[in-house]
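Remarks on the structure that follows.
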Amino acid sequence: MTATARLPIVILISGRGSNLASIIECAASGVLDVDIRAVISNRPAAVGLRLAEGAGIPAGVIDHTGYSGRTAFEHALRERIDACQPELVVLAGFMRLLTAGFVAHYHGRMLNIHPSLLPALPGLDTHRRALEAGLAEHGASVHFVTADMDGGPVLLQGRVPVCDGDTPATLAGRVLEQEHRIYPLAIQWFASGRIFLDENCHIYFDGNRLTRPRDLATEIPLPC
Ligand code: GRF
């Protein structure tokens, strides 16, 4: 694929940016066919902004605290995103709830990564909750974003065992390794036209309806 055929994307972050880093790395190594047009954070202090700048990617802030409400914030965010004309918007640790109207504008072209095996454990603090629930298995999910928070159709998951003596931090570290594999792979599927979301929120993979999420254990991760 030539450089001009790379899928234009915008990445939204709020913090550390380790998923952003994995996407940048895979794109730089040539196995992820994306052109990262911009990284936008709702928090000025997000470490991920420095990562983007270091990689020569335009990085900007739309600080939600500077707007009168969610509608005004989302209006500014949408304008900034759409000015970049992305074909995919990638939420990578973006910690703001998005309204139904905003999400509908990006139907089928907005992905999120969530640190649990959805539909289990939507919301925050998933690693502590996985331990408290005594789960034997945990992981991460890539899903299309819909108005239902962490409830959109899941396309790919990475699983890890929960081990004796795990703390939320050790478990989070194990899950994060999976996140850094599944997100670039899912984005590459989208970039290469293998994955598609229809108007009824059904996912199609290589032209066939996906009835349950793909599992990284049976996929070939990107070599990056
Ligand atoms: C990740 O665990 C992701 O699944 C969740 O927020 C965290 C972001 O981490 N949505 P990072 O900023 O990518 O390091």
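The values are calculated or read from the model by the stated rules, or taken from the named source; none is laboratory data. All of these numbers come straight from a predicted model, not from anything done at the bench. Ideal geometry is used to build each Cβ from the backbone, glycine not excepted, and the neighbour counts take in all protein chains shown. When the accessible area is computed, the model is the full protein with side chains, heavy atoms only, and any ligands, DNA or RNA have been set aside. Shrake-Rupley method; radii C 1.70, N 1.55, O 1.52, S 1.80 Å.
Note on the chain: GNM, Cα springs under 10 Å; of A52, A104, A186, the largest mean-square fluctuation is that of A104.
Rounded to 0.05, the FRET efficiency of the A120 and S192 pair, given R0 = 30 Å and the Cβ-Cβ distance, is 0.55. Taking S141, S18, S116 in turn, the Gaussian network model of the chain (Cα-Cα springs below 10 Å) assigns the largest fluctuation to S18. Which of these, D150, D35, D82, has the largest mean-square fluctuation under a Gaussian network model of the chain (Cα springs below 10 Å)? Its mean-square fluctuation being the largest, the pick is D82. Projected label points at E79 and A45, each 7 Å from Cα along the beta carbon direction, are separated by 2.8 nanometres. Per-residue accessible area (protein heavy atoms, 1.4 Å probe) orders I220, I57, I13 as I220, I57, I13, starting from the largest. Between M149 and H107, the FRET efficiency estimated from the beta carbon spacing at R0 = 22 angstrom works out to 0.90.
Between the residues G30, L97, Q157, the greatest Cα displacement towards the positive end of the dipole of the chain, with unit charges on the Cβ of Lys, Arg, Asp and Glu, is found for L97. For the chain, a simple Cβ point-charge model (Lys and Arg +1, Asp and Glu -1, everything else neutral) yields a dipole of about 220 debye relative to the Cα centre.
The stretch between A72 and R6, if pulled fully straight at 0.36 nm per residue, gains 20.6 nm over its current Cα-Cα span. Applying a 4.7 Å Cβ-Cβ cutoff to the chain, the cysteines left without a disulfide-compatible partner are C84, C163, C201.
Accessible area per residue for the chain, computed on protein heavy atoms with a 1.4 Å probe, is 46 Å².
Cα centroid separation, the range 105-179 to the range 56-102: 23 Å.
Full extension of the chain between D215 and T167 yields a length gain of 14.8 nm, computed as 0.36 nm times the residue separation minus the alpha carbon distance.
Once you put a point 7 Å from the Cα of H202 and another 7 Å from the Cα of E132, both along the Cβ direction, what distance in nm separates them? Here the answer is 3.8 nm between the modelled labels. With the helix formula -39500 (n - 2.57) applied to DSSP H stretches of n ≥ 4, the chain reaches a computed 222 nm mean residue ellipticity of -9500 deg cm²/dmol. Computed extension length for R16-D63: 15.3 nm, one decimal, from 0.36 nm per residue of separation with the Cα-Cα distance subtracted. With the cut-off at 1.5 for a/c, could you classify the chain from its C-alpha gyration tensor as rounded, prolate or oblate? Rounded shape, in that the Cα axes give a/c under 1.5.
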